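Nothing in this text is a laboratory measurement; each read-out follows from the coordinates by a stated rule. The shown structure was predicted, so the numbers you read here are calculated from the model rather than taken from an experiment. So basically every Cβ, Gly included, is an ideal-geometry build from the backbone, and we count neighbours across all protein chains shown.
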Amino acid sequence: MIDPGHGGIDSGTVSDGVAEKFLTLAIALKLKPGLENLGATVIMTRANDTNVPLDEIVRLTNSRKPDIFVSIHVNHSSDPKVDGIETFYFTPQSQPLADALFHKLVSDLPETGHFVHRRDLRVVCRTSIPATLVEVGYLSNLSKRQRLVHADYQQKIADALAKGIVDYFAP
C-alpha cells in the first residue's frame with residue numbers, strides 16, 4: 001500500500017508556493033507502475049488531490065492487509081540549510097522496511113541520510129503490517145525544492161523506493 005502524504009484540504013508543508021501534497025502524489029504515481037512492472041499489486045490511499053483522514057488510512061490498511069505500507073512525505077525545517085532523507089517506523093517488524101528504503105534512497109540519490117528512527121506516527125504505529133513513513137527531502141531547502149519539483153527527480157525517488165522495496169523482500 002502506497003500513501004501519498006496529505007491531500008485535499010491538507011496541503012502538508014508549503015514552501016515558496018510548492019505544496020507537499022502535490023509532490024508526494026507525483027512520486028507515488030510514478031512509483032505505482034514501477035512496482036506493478038515488477039509484479040506487485042499496488043493499493044493507493046489516494047490517486048488524486050483528495051484528503052483521506054489518518055484514521056481512514058489506518059482502517060483501509062488493516063482491512064486490505066497488504067504486505068507493506070509506505071507513506072511518502074516531504075519534510076520542512078525552520079533552518080533552510082537542513083536536508084536529508086529520513087524514514088520512520090514503530091514496530092520491530094517495520095524496521096527492516098524503513099532500513100531498506102533509507103539505504104536505497106541515500107545510495108541512489110544525491111542525498112545525505114539523516115536517520116532511520118522509531119516514532120509514534122499514527123499511520124505506522126496503528127497498522128498490523130510492516131509500515132514506514134519516508135521523508136524524501138526538505139522542501140524548506142532551496143536546492144532540494146528545486147529538484148523535488150522536477151518530474152525526472154521525482155522518478156529517481158520512485159525508482160529508489162521501488163529498489164528498496166525489492167531489497168526488503170529479497171531473501
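Report, by chain and number, residues whose modeled amide H sits under 5 Å from the one on SER140, excluding near sequence neighbours (fewer than 5 apart, same chain).
Under 5 Å from the amide H of SER140 lie the amide H atoms of SER77, each far enough along the sequence or on another chain.
Using DSSP to define loop residues, name the trypsin sites (Lys or Arg not before Pro) in segment 81-119 whose beta-carbon has at most 13 other beta-carbon atoms within 10 Å. All intermediate terms of the calculation are to be shown ahead of the outcome.
On the way: sites: LYS81, LYS104, ARG118, ARG119; in loops: LYS81, ARG119.
In loop regions of segment 81-119 (DSSP not H, G, I, E or B), the sparsely surrounded trypsin sites (Lys or Arg not before Pro) are LYS81, ARG119.
Using θ = phi - 60° and the Karplus curve 6.51 cos²θ - 1.76 cosθ + 1.60, what whole-Hz ³J(HN,Hα) does each residue of segment 36-46 get, with Gly and Pro shown as x?
Using θ = phi - 60°, the values come out as 5, 5, 8, x, 7, 9, 10, 10, 9, 6, 7 Hz.
Tally Lys and Arg at +1 and Asp and Glu at -1 over the other residues with C-beta under 13 Å from the C-beta of HIS150: what net charge comes out? Don't skip to the end; give the middle numbers.
Numbers: positive: LYS30, LYS144, ARG145, ARG147, LYS156; negative: ASP152.
Overall, the nearby charge balance is +4.
Work out how much length ASP16 to SER128 would gain on full extension: take 0.36 nm times their residue separation and subtract the Cα-Cα distance, in nm to one decimal. Spell out each step's value before the answer.
Working: separation 112, 0.36 × 112 = 40.32 nm, distance 3.73 nm.
Result: 36.6 nm gained on full extension.
Taking the chain as a Gaussian network, Cα atoms linked when under 10 Å apart, which of SER11, SER140, SER77 shows the biggest mean-square fluctuation?
The residue with the greatest mean-square fluctuation here is SER77.
Can you give the percent of C-alpha pairs in the chain whose distance is more than 22 Å?
Everything past 22 Å amounts to 36 percent.
From the phi of every residue in segment 49-60, what ³J(HN,Hα) in whole Hz does the Karplus formula 6.51 cos²θ - 1.76 cosθ + 1.60 yield, where θ is phi - 60° and glycine or proline is x?
Using θ = phi - 60°, the values come out as 7, 10, 9, 10, x, 4, 5, 6, 4, 5, 4, 4 Hz.
Specify the residue with the greatest mean-square fluctuation among LEU109, LEU139, LEU23, computed from a Gaussian network of the chain linking alpha-carbon atoms under 10 Å apart.
LEU109
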